[in-house]
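This report refers to the structure that appears directly beneath it.
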Amino acid sequence: ILRRALELYESAGDVRGQARSYMNMGIAAQFESRLEEASQAYGRALTVARAGGMPDVWGLAALNLGVLSQKRGDYDHARELFGEALGLFAAVKHREYQLAALSNMAEADRDTGSLESAAQLYDATIPLAQRIGQADIEIGAMAGAGLCALELGRVGEAKAAASAVADRV
């Protein structure tokens, strides 16, 4: 169905439809653990959206490709893609997607041992999550900040974060 949709969008010259079709093909492939195919589809979505001047779809493609890269252990590429997505979502003022990019960027930094940066990103994630009512991401960011503090030897901060998480849960 997605391939047929892509063909129709191509014949109609609908670039947005093409980019979204590639995105959906990537999601389906990733769901079915066809990771290389998912990566290629997200890459095509990113390229088409970038060329078509669609920052919202471009950002989603970068975010999805970043998540896939992170799951595959390519943390540096993931962080680069999350940063790209964050900038695009800020430009179109899409706070929910900004939150997703920011949260994933913090996770990528923590995964690579960039604990100071991760802690700062978690600290930026918390108030944004609060403003838009995403308690699960808020709590996750509090926990992430606490883990960074613990690994950095800041026991007091880690205890405060654990207490804040317990209160919110």
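Here are a few things to note about the model shown:
- The single residue among 86, 121, 150, 68 that is assigned to a helix (DSSP H, G or I), within 24 Å of residue 30 (Cα to Cα), open to solvent by 10 Å² or more (accessible area, probe 1.4 Å) and not β-branched (Val, Ile, Thr) turns out to be 86.
- Flag if residue 6 is more than 18 Å from residue 78 (Cα to Cα) and not acidic (Asp, Glu): yes
- Residues considered: 33, 39. Of these, the only one that is among the polar types (S, T, N, Q) and either farther than 29 Å from residue 106 by Cβ or part of a helix (DSSP H, G or I) (or both) is 39.
- Within this structure, residue 161 passes the test of being assigned to a helix (DSSP H, G or I) and buried (at least 23 other Cβ atoms within 10 Å of the Cβ).
- Among the residues of region 124-143, the one identified as among the small types (Gly, Ala, Ser) and either closer than 19 Å to residue 73 by Cβ or outside any helix (DSSP H, G or I) (or both) is 133.
- For the criterion of being in a helix (DSSP H, G or I) and in contact with an Asp or Glu (Cβ under 9 Å, 6 or more places away or on another chain), residue 79 passes.
- Within the option set 29, 45, 19, 61, being within 25 Å of residue 90 (Cβ to Cβ) and either without any contact (Cβ under 8 Å) to a residue 40 or more places away in the chain or acidic (Asp, Glu) (or both) holds for one residue only, 45.
The values are calculated or read from the model by the stated rules, or taken from the named source; none is laboratory data. Just so it is clear, the model here is predicted, and its values are computed rather than measured. All Cβ positions, even for glycine, are placed from backbone atoms using ideal geometry, and neighbour counts span all protein chains on display. Protein only, heavy atoms only, side chains kept; ligands, DNA and RNA dropped before computing areas. Shrake-Rupley method; radii C 1.70, N 1.55, O 1.52, S 1.80 Å.
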